[in-house]
Amino acid sequence: MIARVRELQARGVRVLDLTAGEPDFAPPAAAVEGALAAIAGNKGRYTAASGMPELRVEVARMIEAEFGIQYGPDQIVVTAGAKIAIAQALLNLVDPGDQVLIPSPYWTSYPEMVKLAEGVPVTVPCDAAFLPRVSALDAAWTPRTRVLLLNSPNNPTGAVYPAALLREIGAWAIGRGVAVISDEIYASLTYGDARHVSPLAAAPELQRTSVWIGGMSKAYAMTGWRMGFLAAPPDLARAVANMQSQLASSPNAISQHASLAALRGGGAERARMRDAFAARARIVTAALRAIPGLTYPEPAGAFYAFPRLGGYLGRKDPATGRVIRSGEDLVETLLEADQVAVMGGGGFGASDAVRLSFAASEEVLRVALERFRTRLAALQV
Ligand code: PLP
């Protein structure tokens with residue numbers, strides 16, 4: 001989709017792009033200053049495989065302050081982004097043939113990572129509010145189930161899992177001997193009444209078996225700096241660090257210095273970005289409310305809305321002659337007829353939905369969502 005958008009833009013077409021999976025903000029000034037000082041000070045050398053000790057101390061402090069979970073610095077591994085942290089957790093926890101439960105809709109990369117670890121991804125349908133239910137998890141459980149991958153705030157649905165639900169899921173996972181990998185990369189981005197709670201804080205017993213994942217990408221608009229954090233029981237953290245030592249030697253030293261500076265001094269900019277996303281979430285919510293027939297929970301976290309198309313499926317678009325049978329068909333039509341780019345839900349396990357990212361300016365959001373509304377209204381039964 002990104003390639004298609006770029007190609008159109010290169011031909012001079014003004015595309016209203018709601019596909020972005022990264023914040024459209026600059027990183028905190030502290031990160032830039034930290035990076036420049038590290039370069040000038042010749043700090044660009046290998047670090048400890050698990051990351052610089054002072055950064056691990058800072059990450060442990062941040063996790064305790066923001067999530068209420070206590071880790072020692074030896075339980076933290078700094079990685080080149082949350083993505084590889086999740087992959088390394090899976091590679092360490094999953095033996096060939098082990099099953100990994102993935103609530104659906106899900107982030108596109110999860111099933112592929114599980115397959116890389118020679119595991120078997122098992123998708124588990126969420127309820128209408130895009131929440132995973134214990135009954136559905138238990139129905140999918142087998143003696144080969146090893147890991148449950150949780151992601152709240154969620155990409156692509158924007159759902160934020162309530163604490164009571166996390167307590168239930170945590171009790172179930174402990175009872176069934178299932179480890180949780182909790183991807184909390186969007187933790188700082190929640191809106192309205194939604195509050196992020198870590199499953200490892202809701203059900204503290206999980207801390208003995210499970211893995212917390214976070215990073216700089218979404219909270220500090222530092223996607224390309226590639227900085228992720230993993231926190232785990234000591235043995236598992238050590239195994240991940242040993243693996244990382246063979247795979248990557250160490251995470252990028254300059255980005256580690258930048259991240260340390262941003263964690264210490266980037267809080268105000270992080271809060272401003274969150275407030276801007278909150279304002280956009282309100283715009284998206286109001287725009288979606290004005291469209292009858294879509295089903296979705298209001299976006300509560302991350303920066304996505306994920307409406308299901310319901311009765312619009314099967315209708316015909318008069319401008320292109322296309323019958324809209326899936327989110328992907330609507331994506332093609334919107335791009336062709338309205339120069340609006342969104343993602344189809346198929347890659348996230350829900351082909352009847354589209355993902356709208358609000359990592360775009362308020363003006364782009366307003367115009368794009370109005371075109372979205374008009375297009376749906378024009379579809380013929
Ligand atoms: N987890 C989820 C749910 C994501 O959406 C993303 C990025 O889009 C990541 C992890 C990866 O983050 P990072 O840039 O830290 O690798």
Within region 58-86, how many residues are among the β-branched types (Val, Ile, Thr) and over 16 Å from residue 238 (Cα atoms)? 3
So which residues in region 277-293 are touching a residue at least 60 places away in the same chain (Cβ under 8 Å) and more than 18 Å from residue 160 (Cβ to Cβ)? 283, 287, 290, 291, 293
Scanning region 81-101 for residues that are part of a helix (DSSP H, G or I) and away from the ligand (no atom under 16 Å from the Cβ), which turns out farthest from residue 138 (Cα to Cα)? 92
If residue 177 satisfies all but one of (1) touching a Lys or Arg at 6+ places or on another chain (Cβ under 8 Å); (2) within 28 Å of residue 72 (Cβ to Cβ), what's the number of the condition it fails? (1)
Please give the number of the condition residue 156 fails out of (1) assigned to a helix (DSSP H, G or I); (2) buried (at least 20 other Cβ atoms within 10 Å of the Cβ). (1)
Of the residues in region 159-191, how many are touching a strand residue (DSSP E or B) at 6+ places or on another chain (Cβ under 8 Å) and surrounded by fewer than 21 Cβ atoms within 10 Å (Cβ to Cβ)? 1
For region 177-192, check the following and say yes or no: at least one residue is β-branched (Val, Ile, Thr) and within 11 Å of the ligand (Cβ to nearest atom). yes
Name the residue that is nearest to the chain's Cα centre (by Cα), counting only residues in region 1-21 that are within 16 Å of the ligand (Cβ to nearest atom) and modelled with pLDDT of 95 or more. 19
Could you tell me which of the residues 19, 47 is among the hydroxyl-bearing types (Ser, Thr, Tyr) and under 20 Å from residue 186 (Cβ atoms)? 19
Number of the exception - residue 266 against (1) within 11 Å of the ligand (Cβ to nearest atom); (2) in contact (Cβ under 8 Å) with a residue 60 or more places away in the chain: (1)
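Starting from residues that are assigned to a helix (DSSP H, G or I) and surrounded by 20 or more Cβ atoms within 10 Å (Cβ to Cβ), keep the ones in region 112-131 and report whichever is farthest from the ligand (Cβ to nearest atom).
First pass over region 112-131, keeping only residues assigned to a helix (DSSP H, G or I): 112-116.
Those left that are additionally surrounded by 20 or more Cβ atoms within 10 Å (Cβ to Cβ): 113-114.
Values: 113: 10, 114: 14 Å.
Across region 112-131, the extreme among qualifying residues is 114.
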Can you spot a residue in region 214-232 that is farther than 29 Å from residue 99 by Cα, within 16 Å of the ligand (Cβ to nearest atom) and of a type in the set (Ser, Thr, Tyr)? yes
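The values are calculated or read from the model by the stated rules, or taken from the named source; none is laboratory data. Source: prediction; values computed, not measured. When we count neighbours, we look across all protein chains shown, and the Cβ atoms used for this are built from the backbone with ideal geometry, even at glycine.
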